[in-house]
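Take a look at the structure below.
The values are calculated or read from the model by the stated rules, or taken from the named source; none is laboratory data. Computed from a prediction, not measured in an experiment: that's the story for all the values here. Because the Cβ atoms are built from the backbone with ideal geometry, glycine has one as well, and the counts that use them run over all protein chains shown.
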Amino acid sequence: MKDRKVALCITGSVAAVKCPEIARELMRNGAEVSTVMSVMAQKIIHPYLMEWATGNPVVTELTGKIEHVMLAGEGVGKADLVLVAPATANTISKIACGIDDTPVTTVVSTAFGSGIPIMVVPAMHESMYRHPVVTENVRKLGSLGVEFVGPRVEEGKAKIAEVKEIVDAVIRSLTVKRDLAKRKVLVTAGPTLEYIDPVRVMTNKSSGKMGVAIVEEALSRGAEVTLVYGPGTAIPPMGAKIVSAETSQEMYEAVVSELKSKKYDVVIAVAAVTDWAPEKKYEYKVPTSIETELTVKMRPTPKIIDSVKKVSPDTFLVAFRAEYNLSDEELIQSAYKRLKKAKADLIAANDVGRKGVGFACDTNEVFIVDANKKVVHVPLATKREVAKRLFDVIVNKLK
Ligand SMILES: Cc1cc2nc3c(=O)[nH]c(=O)nc-3n(C[C@H](O)[C@H](O)[C@H](O)COP(=O)(O)O)c2cc1C
């Protein structure tokens, strides 16, 4: 991060004690750090500590030097990233409402207007974090492109993220391209489930990890992201708008409704949608004492990827295809056929029979096939890396 400047904005949380370490780690990675403190933050740690840690003067009030413009306006010496860490419930809500009445909130307001990336690291008691207005404000800021890191919810607290997680996020933000800025991306992820009776379901082993990695990558590249999420176990990032869907029908309806509500530039259909659903759902729990055998007749579920181009012909469509134990050539061939049927622009095929690939793993191997059958092979890598490579291809095609 050589020649990159971070404005570290500290607010009145006990987690402020982590700030000297955060600053030093950022500096170890090459960044220059300037500190801004709210009045309440100054009651928790002394500005001298941050002045010592960063080697730079600390902004504790706004004066005739218009420190907020110097740091987050346009021109020489401005910050490349505004990092609010720790961020109190109070400051998060003020930022979301466009209120700037502390040095921190004024720097953030200015950064918004100058297009400087803003990263927020919440820390507070869990009860404060669960306040519906705070939750809503976090979502609002996420939809405005603010990146959130953490919190870790444990022991009744929404604790500040680990220093390493914060520093990694800053490095990622300052080194990745913002090539999806102003783009709207819709991702489907996770499994869907179908009811046999009120308590029994059929589903698949998808965890949602690949889709969540795609959402994280899209957010970090500046996209506005909506995730239509089946009942997966991976935790989606705060920055995305989340629409929950349980059954294939619900997911289908959610996707169509999103596509009708706004113009999405890109749809990435990662969800492992159940291909069949029971023709009829028993309205009562089928008793095991009576039924020795149960025959369930299945019908096909609606094909979400086939509906995307019908509803929104100009949206760039990326499908995912999971196969089992095929050769590379068979995998590519089968994916290509599916791409043609859905009129998709790209399809990412993986073989979940291979080691380290597919459901519930943290890694994946994909073949990205385009409409001219040109193939980009991404060998076994973390799902985040696969997401990055996928977006490199997408962004190239969007140009
Ligand atoms: C010792 C102490 C610790 C606090 N810790 C937190 C915290 O972790 N998170 C939070 O949202 N508020 C916390 N507060 C309350 C905030 O400091 C208070 O809401 C204040 O108005 C925040 O102002 P600021 O956002 O301008 O810094 C704490 C207050 C005190 C006195």
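Which of the residues belonging to region 315-362 are hydroxyl-bearing (Ser, Thr, Tyr) and in contact with a strand residue (DSSP E or B) (Cβ under 8 Å, 6 or more places away or on another chain)?
Filtering region 315-362 down to residues hydroxyl-bearing (Ser, Thr, Tyr) leaves 315, 324, 327, 334, 336.
If the condition is that a residue be hydroxyl-bearing (Ser, Thr, Tyr) and in contact with a strand residue (DSSP E or B) (Cβ under 8 Å, 6 or more places away or on another chain), then THR315, TYR324, SER334, TYR336 are the ones that fit.
Which of the numbered conditions does VAL58 fail, given that it passes all the others? Conditions: (1) more than 16 Å from the ligand (Cβ to nearest atom); (2) in contact with a helix residue (DSSP H, G or I) (Cβ under 6 Å, 6 or more places away or on another chain).
Just one mismatch for VAL58, condition (1).
Just name the residue that is farthest from the ligand (Cβ to nearest atom) out of those in region 26-47 that are part of a helix (DSSP H, G or I) and touching a strand residue (DSSP E or B) at 6+ places or on another chain (Cβ under 8 Å).
Only one residue tops the list, namely MET27.
Considering only residues of region 1-12 that are part of a strand (DSSP E or B) and within 11 Å of the ligand (Cβ to nearest atom), which is surrounded by the most Cβ atoms within 10 Å (Cβ to Cβ)?
For region 1-12, the residue satisfying everything is CYS9.
Of all residues in region 343-360, how many are more than 26 Å from the chain's Cα centre (by Cα) and farther than 20 Å from LEU380 by Cβ?
The total comes to 1.
Restricting the search to region 30-58, which residues are in contact (Cβ under 8 Å) with a residue 40 or more places away in the chain, more than 21 Å from ASP3 (Cβ to Cβ) and hydrophobic (A, V, I, L, M, F, W, C)?
MET37, VAL39, MET40, ALA41, MET50
Quick one: in region 78-94, of everything that is closer than 19 Å to ARG130 by Cβ and of a type in the set (A, V, I, L, M), which residue is nearest to the ligand (Cβ to nearest atom)?
Among residues in region 78-94 that are closer than 19 Å to ARG130 by Cβ and of a type in the set (A, V, I, L, M), the one nearest to the ligand (Cβ to nearest atom) is ALA89.
Conditions tested, residue by residue: (1) in contact with a Leu (Cβ under 6 Å, 6 or more places away or on another chain); (2) buried (at least 24 other Cβ atoms within 10 Å of the Cβ); (3) charged (D, E, K, R).
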site: CYS19; (1), (2), (3): no, yes, no
site: LEU26; (1), (2), (3): no, yes, no
site: MET40; (1), (2), (3): no, no, no
site: LYS43; (1), (2), (3): no, no, yes
site: GLU51; (1), (2), (3): no, no, yes
site: GLU61; (1), (2), (3): no, no, yes
site: GLY98; (1), (2), (3): no, no, no
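Residue pairs, Cβ under 8 Å, 6 or more apart or interchain, first in region 231-258 and acidic (Asp, Glu), second in a loop (DSSP other than H, G, I, E, B). List them.
Correct list of pairs: GLU246/THR192; GLU246/LEU193; GLU246/GLY230; GLU246/PRO231; GLU250/THR192; GLU253/ALA245; GLU258/TYR264.
List the pairs whose first member sits in region 216-228 and is hydroxyl-bearing (Ser, Thr, Tyr), whose second member is crowded, with 24+ Cβ neighbours inside 10 Å and at pLDDT 90 or above, and whose Cβ atoms are under 7 Å apart, counting only residues at least 6 apart or on separate chains?
Sorted first by the residue in region 216-228, then by its partner, the pairs are THR226/LEU186.
Only helices (runs of 4 or more DSSP H) wholly contained in region 202-320 count here; list those with 1 or more residues that are surrounded by fewer than 15 Cβ atoms within 10 Å (Cβ to Cβ).
248-261, 304-311
Among the residues of region 69-79, is any among the acidic types (Asp, Glu) and in contact with a strand residue (DSSP E or B) (Cβ under 9 Å, 6 or more places away or on another chain)?
No, the conditions are met nowhere in region 69-79.
Can you tell which of ALA53, ALA15, ALA23 is among the hydrophobic types (A, V, I, L, M, F, W, C), more than 27 Å from the chain's Cα centre (by Cα) and part of a helix (DSSP H, G or I)?
The unique qualifying residue is ALA53.
Given the residues LYS262, LYS184, LYS209, which is the only one that is more than 14 Å from the chain's Cα centre (by Cα) and basic (Lys, Arg)?
Unique residue meeting the criteria: LYS262.
Regarding PRO122, is this residue closer than 26 Å to LYS159 by Cα, buried (at least 23 other Cβ atoms within 10 Å of the Cβ) and without any contact (Cβ under 8 Å) to a residue 60 or more places away in the chain? Break it down into steps so the answer makes sense when it comes.
Working: closer than 26 Å to LYS159 by Cα: yes; buried (at least 23 other Cβ atoms within 10 Å of the Cβ): yes; without any contact (Cβ under 8 Å) to a residue 60 or more places away in the chain: yes.
Against the criterion (closer than 26 Å to LYS159 by Cα, buried (at least 23 other Cβ atoms within 10 Å of the Cβ) and without any contact (Cβ under 8 Å) to a residue 60 or more places away in the chain), PRO122 qualifies.
Identify the residue in region 169-201 that is part of a loop (DSSP other than H, G, I, E, B) and surrounded by 23 or more Cβ atoms within 10 Å (Cβ to Cβ) and, among all such residues, is modelled with the lowest pLDDT. If you could, list the steps in order and put the result at the bottom.
Kept after step one, since they are part of a loop (DSSP other than H, G, I, E, B), are these residues of region 169-201: 176-183, 190, 192-193, 196-200.
Filter once more, so that each one left must be surrounded by 23 or more Cβ atoms within 10 Å (Cβ to Cβ): 180, 190, 192.
Values: LEU180: 93, GLY190: 96, THR192: 97.
Restricting to residues being part of a loop (DSSP other than H, G, I, E, B) and surrounded by 23 or more Cβ atoms within 10 Å (Cβ to Cβ), the top hit is LEU180.
Does VAL76 fit the bill of being in the same structural domain as THR110 (by TED's automatic domain parsing) and either in contact (Cβ under 8 Å) with a residue 12 or more places away in the chain or of a type in the set (S, T, N, Q) (or both)?
It is false that VAL76 is in the same structural domain as THR110 (by TED's automatic domain parsing) and either in contact (Cβ under 8 Å) with a residue 12 or more places away in the chain or of a type in the set (S, T, N, Q) (or both).
Considering only residues of region 116-161 that are at pLDDT below 90 and acidic (Asp, Glu), which is nearest to the ligand (Cβ to nearest atom)?
The qualifying residue nearest to the ligand (Cβ to nearest atom) is GLU126.
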